[in-house]
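Asker: Could you have a look at this structure, given as structure tokens, before my questions?
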Amino acid sequence: MTTIVVTGAGGFIGSALIPLLLEALPADIIRAQIRHTPLVQPELADLQGTIPGTLTSHPRLELLQGDLSDAAFCELLCQGADHVIHLAGYAHTAANRNTQLTLNLVMTETLARAAVAMGVAAFTCISSIKAKHPDQSPYAEIKQRQEALLFQYHEQDKISVTCLRPALVYGPGMKGNLKSLLNLLSRPFLPVFPAPVATIGLISLNDCCRAIIVSLTCPALAGQSWQLDEGIAYPLRELFSRARTIQGLAGPVLPLPGWCVKAGIRMLGALAPLTGKAIGMGSYHSLYSENWQADPAFGEVTGW
């Protein structure tokens, strides 16, 4: 039996990944790290009808609660483990740089050091498609630095590292920017709204989890970053329009051009110390400057 550590197991992707791992890897122990949130939602907890209400009693699931900024806890988490799947982090582009450093880079470094010290063989980091454009936001910058940090350990032959960069993940229980956007698009009356020109990539929650599982048994992926997507570039303006049409709602009265949105974001940033609210420039780039393209490399290497 091998032991696979999953950090961020109580999050959006983690809570969907745990039952799939238990099903796909029937001979492995899954050690799940959570902070304070429940491990799984009730609708995700029933595995082949054998787990009543929650997975916490599954015989091959070890549940550890703790903070990844704690080096001693990270060593306990990695003790006797063979593989780490690192999902934990702060997945919001609007957070300031210090928050991104603390909740993404520092925690990743602490965990990676512990994994190396405990003799873990492989480390899979679930990064972000934003890491391709580190100049667009603190989140993108820190994600790129996170990958670079881990690949240093790989190049030193201390641990085998693979980084996966999912496109925007959608599915039941989704949170963050996509959920906020859909909430806005569901308002009956929408007087003003951005008129984007960019394209984005998407991947379903289930496909993202399946790709993570496939990557665990493909050593050819090690030492690189791999994009996960559906192979389609989606025009944002078309998606916005369809979201309104499906709900029987009219489009915005005043579509906002890019320069207007940029000015508004900068104004919110200037007022953030007073209001406590801000929208990062990464959101502007997602709406107006990104020309997203699909990448079939992961499928070509894994056959999935």
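The values are calculated or read from the model by the stated rules, or taken from the named source; none is laboratory data. Note that the structure is a prediction, hence the values are computed from the model and not measured. Please note: Cβ atoms are built from the backbone with ideal geometry, for glycine as well, and neighbour counts cover all protein chains shown. With ligands, DNA and RNA removed, areas are computed over all heavy atoms of the protein, side chains included. Shrake-Rupley method; radii C 1.70, N 1.55, O 1.52, S 1.80 Å.
Asker: Do any of Lys130/Lys175; Lys132/Lys158; Lys175/Lys262; Lys130/Lys262 go past 21 Å between their Cα atoms, and which? Please report the intermediate quantities before stating the final value.
Answerer: Working: Lys130/Lys175 17 Å; Lys132/Lys158 25 Å; Lys175/Lys262 24 Å; Lys130/Lys262 19 Å.
Beyond 21 Å: Lys132/Lys158; Lys175/Lys262.
Asker: If the chain between Gln224 and Ala72 were fully stretched, how many nm would it gain, using 0.36 nm times the residue separation less the Cα-Cα distance?
Answerer: 51.9 nm
Asker: On to the next question. What residues have an amide H closer than 5 Å to that of Gly223, excluding those fewer than 5 places away on the same chain, when H is modeled at 1.01 Å from N in the peptide plane?
Answerer: Amide H to amide H, under 5 Å and 5 or more residues apart or across chains, Gly223 pairs with Val161, Thr162, Cys163.
Asker: Say R0 is 35 Å: what FRET efficiency, to the nearest 0.05, do Thr2 and Thr102 get from their beta-carbon distance? Please list the in-between numbers first.
Answerer: Values: r = 31 Å, r/R0 = 0.90.
The pair Thr2/Thr102 has a calculated efficiency of 0.65.
Asker: Whole angstrom only: what separates the Cα centroid of the range 227-248 from the Cα centroid of the range 109-168?
Answerer: Computed from Cα coordinates, the inter-centre distance equals 29 Å.
Asker: Among the aspartates and glutamates, select those whose C-alpha is under 15 Å from the C-alpha of Lys143, and discard any that sit fewer than 8 residues away in the same chain.
Answerer: Glu109, Asp135
Asker: How far is it, in nm, from the label point at Tyr90 to the one at Ala250 when both lie 7 Å from their Cα along the line to the Cβ?
Answerer: For Tyr90 paired with Ala250, the spin-label model returns 4.1 nm.
Asker: Could you give the nm distance between label points at Leu271 and Met174, where each point is 7 Å from its Cα heading toward the beta carbon?
Answerer: Placing both labels 7 Å beyond Cα along the Cβ direction yields 2.9 nm.
Asker: Shifting gears a bit: Could you please report the charge total around Arg244, scoring K, R as +1 and D, E as -1 over all other residues with beta-carbon less than 12 angstrom from its beta-carbon? Each step should come with its number before you reach the end.
Answerer: Values: positive: Arg187, Arg237, Arg242; negative: Glu238.
Local charge sum for Arg244: +2.
Asker: Next question. Just to be sure I understand: with springs between alpha-carbon atoms less than 10 Å apart, which residue in Gly201, Gly248, Gly264 has the highest mean-square fluctuation in the Gaussian network model of the chain?
Answerer: So, out of Gly201, Gly248, Gly264, the one fluctuating most is Gly248.
Asker: Another question, then. Using C-alpha positions alone, give me the convex hull volume of the range 117-251 per residue in cubic angstrom.
Answerer: Spread over its residues, the Cα hull of the range 117-251 gives 131 Å³ apiece.
Asker: Can you work out the PRE-style zone for Arg35? Point 7 Å along Cα to Cβ, and I want the residues of the range 162-178 with backbone N under 15 Å.
Answerer: Counting backbone N atoms under 15 Å from the label point, the list is 176.
Asker: A further question on this structure: Considering only the chain, what is the antiparallel percent among its DSSP beta bridges, to the nearest 5?
Answerer: So the antiparallel bridges in the chain amount to around 5 percent.
Asker: I would also like to ask the following. How big is the charge dipole of the chain about its Cα centre, in debye rounded to the nearest 20, if each Lys and Arg gets +1 on its Cβ and each Asp and Glu gets -1 on its Cβ?
Answerer: That gives a dipole near 1140 debye.
Asker: Given all pairs of different Cα atoms, what value in angstroms does the Kirkwood hydrodynamic radius of the chain take?
Answerer: 20.4
Asker: Mind listing the long-range amide H neighbours of Val84? Cut-off is under 5 Å, sequence gap 5 or more, other chains count too, H placed in the peptide plane at 1.01 Å from N.
Answerer: It is Val5, Ala122, Phe123, Thr124, by chain and number.
Asker: Here is a follow-up. Ordered by residue, what ³J(HN,Hα) values in Hz, to whole numbers, does the range 2-16 give under the Karplus form 6.51 cos²θ - 1.76 cosθ + 1.60, where θ = phi - 60° and Gly and Pro are x?
Answerer: 10, 10, 10, 8, 10, 8, x, 5, x, x, 4, 7, x, 5, 7
Asker: Between Ala148 and Ser186, how high is the FRET efficiency from 1/(1 + (r/R0)^6) when r is the Cβ-Cβ distance and R₀ = 30 Å? Nearest 0.05.
Answerer: It comes out at approximately 0.15.
Asker: Across the range 195-209, in residue order, what do the Karplus-derived ³J(HN,Hα) couplings come to in whole Hz, using 6.51 cos²θ - 1.76 cosθ + 1.60 with θ = phi - 60° and x for Gly and Pro?
Answerer: Each residue's phi maps through the Karplus curve to give 10, x, 10, 7, 10, 10, x, 10, 8, 6, 4, 5, 5, 4, 5 Hz.
Asker: A further question follows. With θ set to phi - 60°, apply the Karplus curve 6.51 cos²θ - 1.76 cosθ + 1.60 along the range 64-81 and write out the HN-Hα couplings as whole Hz, x wherever there is a Gly or Pro.
Answerer: Karplus values, whole Hz, x for Gly and Pro: 10, 10, x, 9, 6, 7, 8, 4, 5, 5, 4, 5, 4, 4, 8, 4, x, 7.
Asker: Using just the helices of the chain, give the 222 nm mean residue ellipticity in deg cm²/dmol: DSSP H runs with n ≥ 4 each add -39,500 (n - 2.57), and the total is spread over all residues, rounded to 500.
Answerer: On the way: 11 runs with 118 residues, N = 304.
Helix-only estimate at 222 nm: -11500 deg cm²/dmol.
Asker: Order Ile246, Ile30, Ile13, most accessible first, counting only protein heavy atoms with a 1.4 angstrom probe.
Answerer: Order by accessible area, largest first: Ile246, Ile13, Ile30.
Asker: Also: What is the set of long-range amide H partners of Glu62 at a cut-off below 5 Å, with H atoms built 1.01 Å from backbone N?
Answerer: Under 5 Å from the amide H of Glu62 lie the amide H atoms of Ile30, Arg31, Ala32, each far enough along the sequence or on another chain.
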